[in-house]
Structures are given as structure tokens and as C-alpha cells.
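These notes are about the structure you will find just below.
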2 protein chains.
Amino acid sequence: MTEQQAGIKLTPIPLSAEAFAPFGDVIEVRESVQHYLINEGNTLRYHDLAQLDVAAEDGRAIVSIFRSTPLAQPISIKLMERHPLGSQLFMPLCETPYLVVVAPKGEFDASKLSVFIANGEQGVNYHAGTWHHYCLALEHLSDFLVIDRAGPGNNCDQLQLDEQILINPDY
Amino acid sequence: MTEQQAGIKLTPIPLSAEAFAPFGDVIEVRESVQHYLINEGNTLRYHDLAQLDVAAEDGRAIVSIFRSTPLAQPISIKLMERHPLGSQLFMPLCETPYLVVVAPKGEFDASKLSVFIANGEQGVNYHAGTWHHYCLALEHLSDFLVIDRAGPGNNCDQLQLDEQILINPDY
């Protein structure tokens, strides 16, 4: 690798509730969450899986669908964002894996970036202030159900990165 | 058909936002909803698709996953419910069709039951007070993302039906 090609190379690790806890919630069926039978025994309810946090400054929760186009591989991370006034939840609707790129709240630090690969049955809920990349669909055009905040005030800070940051496509 | 076999037989019709409007919202990608490009042109946002209504009596929105087992065919409708204090949204996570059985708000009237078949890319949001059957998965065990209300007060009225009501399985 020449000097000019140097930069940060990130390798995705599998998404889990424990590893993602500093950044938000993982929305999934797992034994460790409260669950119980309802509907005459025909439905298992996995209960209250995300900390929705949207009420700041007269905010309210809204539901949208994001239809996302995969980026070219290898994926280059050039832009990060955070929502200071509310959480933002993404649930995949097509059972296709996708990437989740995050960094801790507070002053952005590229050396603290983490990349997770979500299986197609896992959603994520970014807590307010968590730095994250936008939706990184893989394989094909992918729909996500999104729960985020509508309301007054600036709720999106964006940061253009000047370092070369690539996601290792071999995972 | 003998006298004893008589009863109500319901035939599902395709779910659409227009037909479902008296009961709630259809959550789907369609041209008629507000949508626009975000994320450097890589994502289409279909914006604010459901009227979430969960704040009554100190309620709050929660996110759960319902894992539903299909009922035996032909499906018999014996139990209806309504949530007087909040909306309840179901979004399928496995792209599999399912049935939606509803009746208008107010005093329950079996002669006003409607059955819709949702394609696997359509969610529904029952408005507060709409009578509905619980989740009617088809084909296989199916997961749904659910957004409903947590909070004080009784938010579930159930009604056992004494008429024989079957859903025509030939649709």
C-alpha cells in the first residue's frame, strides 16, 4: 500500500444488542427480551424493544419508509450525521443484510468508528446524538420502516470527512 | 347449504389506502404519498405514512415484534377487539400476505365486517376504536413490527362473537 492509499479501513462485525448498546437498540426477536403469548396463544409478543425518544421541543414520532440504493463497493465513508433532538429507528422490510456505521456521541472521532453487519431480521434504533452513516443497503434496492422525530428545531448535524475511510468488502 | 351451515361468509378484497381509510392507514410505498430524495440521492423517503395516536392518558408509543402463527383454514372469526386509547400499527417483516379483518368504530355490527388481503409490502395502522381481529398471518410463521400504546388505563375491549363467520379461503 502506498502512502497515498493509506487511510482507515473498517471491517464489519456482526450486530448484537450488547455490542450496539453504546449507540442504541437492536430490534429483534431474542430470548433475552420480555416476550409472552397473546391472541389465544397464536402470537408471541416481543415487547417494547426500543427507546423511542422524540418528544424534545414539541417533537412527535412519525413513520416513514426509506427505499435505499446500495452504494458501490468498496463503500467509502464520507459523510456522518447525528440527530440531536431524537432517536431514529430502521427496520429492514426485505430480510436483506445491511451495514450500520456509528461513532460515539459528542465530538466526532474517526478513530472510534464501528461498523456492524445487521442480518435482515435486525433493526437498529440510533439514540439521539449518536453519529451514524445513512442507510447502507446491500445487494439490492431495500426498504426500511423508519420511526423518527418530526417537529421544530434543527435535528440533523452533518459532517463531511476528509480522511479516506473504506469498509472492507470481505466480510 | 343447510340451515345449520348458514352464517356470514366473508371474501377478502385487496387492501388499498382508499378502501381502508375508514379504519386506518395503509403503510406502503405509493406515488400518491409525499416522497423525496435524501442521503445524497441514494434514498427515497416516503414520508409520514401513519397517524400515530398514542398520547391519550399519558400514553407513549412502543415498538414490539409480533410473531404470528397462521390459523387453520377456513379461518373462523370468533373474537374481535378494539383499542379505545390508541392506534396500533402492523408492518410485515417477511413480505408475506396476511388478512386484515375490521369493522367500524362504535357499536360492533357483524354485518359491517370487511376483510382485506394485504400484500407483504403493506402495513396497516388501526385507528383508535376500530374493531379488528388479531394478526392473521398466512402461509407460515410471520413476524410483524408493531407500534402501539403503552400507558395507564384499559386499552383493549374484546368481543366474543356468537355467529358463525368464515373467511372464504378461495381468493
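Can you run phi through the Karplus equation (6.51, -1.76, 1.60; θ = phi - 60°) for segment B:149-163 and list ³J(HN,Hα) in whole Hz, with x for Gly and Pro?
Once rounded to whole Hz, the list reads 9, 10, x, x, x, 7, 10, 8, 9, 10, 9, 7, 9, 9, 7.
Taking Cα atoms of segment A:118-166, Rg/Rh with Kirkwood Rh, to two decimals? Please report the intermediate quantities before stating the final value.
Numbers: Rg = 13.6 Å, Rh = 13.9 Å.
Rounded to two decimals, Rg/Rh equals 0.98.
Under the definition of partner shielding as Cβ atoms of other protein chains within 10 Å of a residue Cβ, what is the mean value for peptide A:117-126?
Working: counts 0, 0, 0, 2, 4, 0, 4, 0, 1, 0.
The per-residue average across the peptide is 1.
Wrap a convex hull around the Cα atoms of segment B:3-68, take a quarter of its surface area, and give that in square nanometres. Present the calculation step by step, with values, prior to reporting the outcome.
Details: hull surface 36.6 nm².
Computing the convex hull of the Cα atoms and averaging its projections yields 9.1 nm².
So, with a 1.4 angstrom probe, what is the percent of accessible area on segment A:28-171 that is carbon and sulfur?
Numbers: 2790 of 6020 Å².
Answer for segment A:28-171 is 46 percent, counting heavy atoms of protein chains only.
Net charge within 14 Å of A:Ala19 by Cβ-Cβ distance, Lys/Arg positive one each and Asp/Glu negative one each, not counting A:Ala19 itself?
Net charge around A:Ala19: -1.
Keeping to pairs on different chains or 8 or more places apart, tell me how many lysine pairs in the protein assembly as shown have Cα atoms under 14 Å apart. Can you show the working numbers first?
On the way: A:Lys9/A:Lys78; A:Lys9/A:Lys112; B:Lys9/B:Lys78; B:Lys9/B:Lys112.
Within the protein assembly as shown, the lysine pair count is 4.
At 10 °C and 1.306 mPa s, grab the translational diffusion coefficient of segment B:51-101 from Stokes-Einstein with a Kirkwood Rh over Cα pairs, rounded to a whole number in µm² per second. It would help to have the intermediate numbers written out before the result.
Numbers: Rh = 13.7 Å.
Calculated translational D: 116 µm²/s.
Quick one: dipole size for segment B:3-167, taken about the Cα centre, charges +1 on Lys/Arg Cβ and -1 on Asp/Glu Cβ, in debye to the nearest 20.
Details: 10 positive and 21 negative charges, 24 e Å.
It comes to approximately 120 debye.
I'd like the distance between the alpha-carbon centres of segment B:42-60 and segment B:117-168, rounded to an integer number of Å.
First find each Cα centre; the distance between them is then 18 Å.
Rg to Rh for segment A:3-167: what is it, with Cα atoms only and Rh by Kirkwood?
On the way: Rg = 16.6 Å, Rh = 16.8 Å.
Reported Rg/Rh (Cα atoms, Kirkwood Rh): 0.99.
How much net charge surrounds B:Val124 when only the other residues with a Cβ under 13 Å from the Cβ of B:Val124 are counted, with Lys and Arg +1 and Asp and Glu -1? Intermediate results must be reported in sequence, preceding the final value.
On the way: positive: none; negative: B:Asp25, B:Glu28, B:Glu121, B:Asp148.
Residues near B:Val124 contribute -4 overall.
How shielded is B:47-60 by partner chains, expressed as the average number of their Cβ atoms within 10 Å of its Cβ atoms?
Across the residues of B:47-60, the mean count of other-chain Cβ atoms within 10 Å is 3.
Just tell me how shielded B:137-148 is by partners: mean number of partner chain Cβ atoms within 10 Å of each residue's Cβ, no decimals. Working shown, then result.
Working: counts 2, 0, 0, 0, 1, 1, 6, 1, 10, 5, 7, 1.
Averaged over the peptide's residues, the number is 3.
Binned at 10 Å from 0, what are the whole-percent values of the Cα-Cα distance distribution for the protein assembly as shown, short to long?
So the P(r) values, bin by bin, are 5, 24, 32, 21, 11, 5, 2, 0, 0.
Place the peptides B:122-133, B:66-77 in order of packing, highest mean first, counting for every residue the other Cβ atoms within 10 Å and averaging per peptide. Don't skip to the answer; put the middle values down first.
Details: B:122-133: 22.8, B:66-77: 17.0.
Per-residue mean Cβ counts within 10 Å order the peptides as B:122-133, B:66-77.
With each run of n ≥ 4 DSSP H residues scored as -39500 (n - 2.57), what mean residue ellipticity at 222 nm is computed for chain A after dividing by its residue count and rounding to the nearest 500 deg cm²/dmol? Please list the in-between numbers first.
On the way: 1 runs with 4 residues, N = 171.
Mean residue ellipticity, 222 nm, calculated: -500 deg cm²/dmol.
In the protein assembly as shown, what percentage of the DSSP-assigned beta bridges are antiparallel, given to the nearest 5? Can you show the working numbers first?
Details: 86 of 96 bridges.
The answer is about 90 percent antiparallel.
What is the antiparallel percent of DSSP beta bridges lying wholly in segment A:3-167, to the nearest 5?
Working: 39 of 44 bridges.
The antiparallel proportion sits near 90 percent.
Suppose every K and R has +1 on its Cβ and every D and E has -1 on its Cβ; what is the size of the dipole of the protein assembly as shown about the Cα centre, in Debye to the nearest 20?
Computed charge dipole of the protein assembly as shown: roughly 20 debye.
Please compute how much accessible surface disappears when A pairs with B, both sides summed, using a 1.4 Å probe, and round it to the nearest 100 Å². Don't skip to the end; give the middle numbers.
Values: alone 9500 and 9510 Å², together 15430 Å².
Separately minus together, A and B give about 3600 Å² buried.
Would you work out the relative contact order for segment B:3-167, in percent, from Cα pairs under 8 angstrom that are 6 or more residues apart?
Values: 379 pairs, mean separation 60.7, N = 165.
The normalised contact order for segment B:3-167 reaches 37 percent.
What is the sum of charges around B:Glu28, taking Lys and Arg as +1, Asp and Glu as -1, for the other residues whose C-beta is under 10 Å from the C-beta of B:Glu28? Don't skip to the answer; put the middle values down first.
Values: positive: B:Arg30; negative: A:Asp143, B:Asp25, B:Glu121.
Net local charge, B:Glu28 excluded: -2.
The values are calculated or read from the model by the stated rules, or taken from the named source; none is laboratory data. As the structure is a prediction and not an experimental result, all values here were calculated from the model. Every residue, glycine as well, gets a Cβ built from its backbone with ideal geometry; the counts of neighbours run over all protein chains shown. All accessible areas refer to the heavy atoms of the entire protein, side chains included, with ligands and DNA or RNA removed. Shrake-Rupley method; radii C 1.70, N 1.55, O 1.52, S 1.80 Å.
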